[in-house]
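To keep things clear, I will list the structure first and then write my remarks on it.
Read the figures in this text as sums done on the coordinates, not as results from a lab. Because the structure is a prediction, the values reported are computed rather than measured. Glycine gets a Cβ as well: all are built from the backbone with ideal geometry, and neighbour counts include every protein chain shown.
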Amino acid sequence: MEIKTFGVIGSGLMGAGIAQVASMSGLRVIMNDIKEEFVERGIANITNILSKSVDRGKMTPDQKDAIIGRIQPSISLKDMASADFVVEAASENEHVKFGIFRELDGVCAPEVILASNTSSIPIGRIAGSTKRSDRVIGMHFMNPVPVMQLVEIIRGIATSDETFRTTRDLAVMFKKTPALAGDYPGFLANRILMPMINEAVFSLYHGVGTREDIDTVMRLGMNHPMGPLALADLIGLDTCLAIMETLYAGFSDSKYRPCPLLRRYVEAGWLGRKSGRGFYEYK
Ligand SMILES: NC(=O)c1ccc[n+]([C@@H]2O[C@H](COP(=O)([O-])OP(=O)(O)OC[C@H]3O[C@@H](n4cnc5c(N)ncnc54)[C@H](O)[C@@H]3O)[C@@H](O)[C@H]2O)c1
């Protein structure tokens, strides 16, 4: 099936980034969220990024307008009836995702692939909310989507070869490099990354170092481009906590216990960059 119209559910950090790369590759995009203001915020974020590219001479104003022009805002999942492929990038909450997949399954044509950008929730469980588990797959983009090269692809137990091939080809069309991960909580990326971030938060919690020292050790000592606490702020502390909860519950293993300090920050609404405060403060 030729993919011309690409649906994105969620217009936050990841949804807007995915909509941007899809539109930049020439697809018509329908970008959905639960409120008009959230979709508008997503489009404003894309416009900001593209305007910087225009200022740097990497793109013409006409190219920028064409990319924005191909993105249709939506606040109803029914709009996905005209999509040929849908990626869900709503909040990292399995009940939210189950509900979205159930509704998409009723709205989208039977041949349409429904992908999830989930960071940690097994694809087989999400697929269980639909009657098309062969056409459900994980398409896990990295943050920030327009910059990061990797797309982790996760096949659920019933995902078909054709669904895998179509998704992999789409990632390549978006100029990304796909890597295949097994369908276990956190897949590869977050099974490795998130316990490291959680351990950095435990180090802060136990007073082993200041936030600056923890990040400096990992930046300068391990050559990481960002320290783990700054990276947690970029990802969103609510998302980090949700991923740790999925690992902890999914493996029933105490090594994935979320740090109480991480939970305290999330409860206080300190979600990182997106709320203006996390381990660091942002203007
Ligand atoms: N933040 C990261 O670094 C990162 C990286 C890779 C994957 N992810 C995953 O991508 C997904 C989105 O994360 P994010 O960082 O963009 O979160 P975010 O909080 O920035 O955005 C989530 C958006 O989903 C919307 N939403 C919630 N329920 C919805 C519904 N029923 N229908 C439509 N929209 C709905 C919210 O209103 C919000 O705008 C999560 O599954 C997350 O784990 C995040």
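Taking other residues whose beta carbon is less than 11 angstrom from the beta carbon of Gly69, and scoring Lys, Arg as +1 and Asp, Glu as -1, yields +1. Only beta bridges with both residues in the chain are counted; by DSSP, about 20 percent of them are antiparallel.
Dipole magnitude for the chain: about 300 debye, using +1 per Lys or Arg Cβ and -1 per Asp or Glu Cβ, origin at the Cα centre. Taking 7 Å steps out from each Cα toward its Cβ at His95 and Leu234 produces label points 3.3 nm apart.
Residues whose amide H falls under 5 Å from that of Arg277, counting only those 5 or more places apart or on a different chain, are Leu271, Gly272, Tyr282, with hydrogens built in the peptide plane.
Loop-resident trypsin sites (Lys or Arg not before Pro) (DSSP state other than H, G, I, E or B) in region 161-241 with no more than 11 further Cβ atoms inside 10 Å of their Cβ: Lys175. Among rounded, prolate and oblate, which fits region 52-99 when a ≥ b ≥ c are the square roots of the eigenvalues of its C-alpha gyration tensor, a/c under 1.5 means rounded, and a/b larger than b/c means prolate? It is prolate, given that a/c is not under 1.5 and a/b is the larger ratio.
Taking a threshold of 32 Å on the Cα-Cα distance, which of the pairs Lys97/Lys255; Lys175/Lys274; Lys78/Lys283; Lys52/Lys255; Lys131/Lys274 fall above it?
Numbers: Lys97/Lys255 26 Å; Lys175/Lys274 27 Å; Lys78/Lys283 37 Å; Lys52/Lys255 42 Å; Lys131/Lys274 35 Å.
From Lys97/Lys255; Lys175/Lys274; Lys78/Lys283; Lys52/Lys255; Lys131/Lys274, over 32 Å: Lys78/Lys283; Lys52/Lys255; Lys131/Lys274.
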